[in-house]
Amino acid sequence: MIVYASTDIKYFPTQRPCYQADLVAQKEYRSRSELIKEALMKYLRDKGVWDELFAYGKKIGKKMGIKSEEDVNRIVQEYRNGN
């Protein structure tokens, strides 16, 4: 048996990401490259959405004078208590 080792995690051949990608690609009748390209595009699209959401949150927080997580928690509690 071949064991691929990093500093603290051991990988067996069937657990390697490329092996798993090959299995998925094979089941979906496409190449590993196509699978990885789709995964990368989804990641970049999702990351862009999250980046936009965080930027919007920062902008609104700045307008509301929110400077810390404690401010956010206080505002949430006030809202929940109907204040």
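The values are calculated or read from the model by the stated rules, or taken from the named source; none is laboratory data. Owing to the predicted nature of the structure, the values given are computational and were not obtained by experimental measurement. So basically every Cβ, Gly included, is an ideal-geometry build from the backbone, and we count neighbours across all protein chains shown.
Per-residue answers, yes or no, for (1) at pLDDT 85 or above; (2) assigned to a loop (DSSP other than H, G, I, E, B):
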| position | (1), (2) |
| --- | --- |
| 1 | no, yes |
| 8 | no, yes |
| 23 | yes, no |
| 26 | yes, no |
| 29 | yes, yes |
| 56 | yes, no |
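Results for (1) in a helix (DSSP H, G or I); (2) among the β-branched types (Val, Ile, Thr), shown as yes or no for each residue.
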site: 38; (1), (2): yes, no
site: 44; (1), (2): yes, no
site: 47; (1), (2): yes, no
site: 60; (1), (2): yes, yes
site: 63; (1), (2): yes, no
site: 67; (1), (2): no, no
site: 71; (1), (2): yes, no
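Exactly one residue out of 74, 45 is under 25 Å from the mean Cα position of the chain (by Cα) and not small (Gly, Ala, Ser): that is 45. Tell me, please, whether a residue that is at pLDDT 90 or above, surrounded by 12 or more Cβ atoms within 10 Å (Cβ to Cβ) and of a type outside the set (Ser, Thr, Tyr) can be found in region 39-46. Yes, region 39-46 has at least one match.
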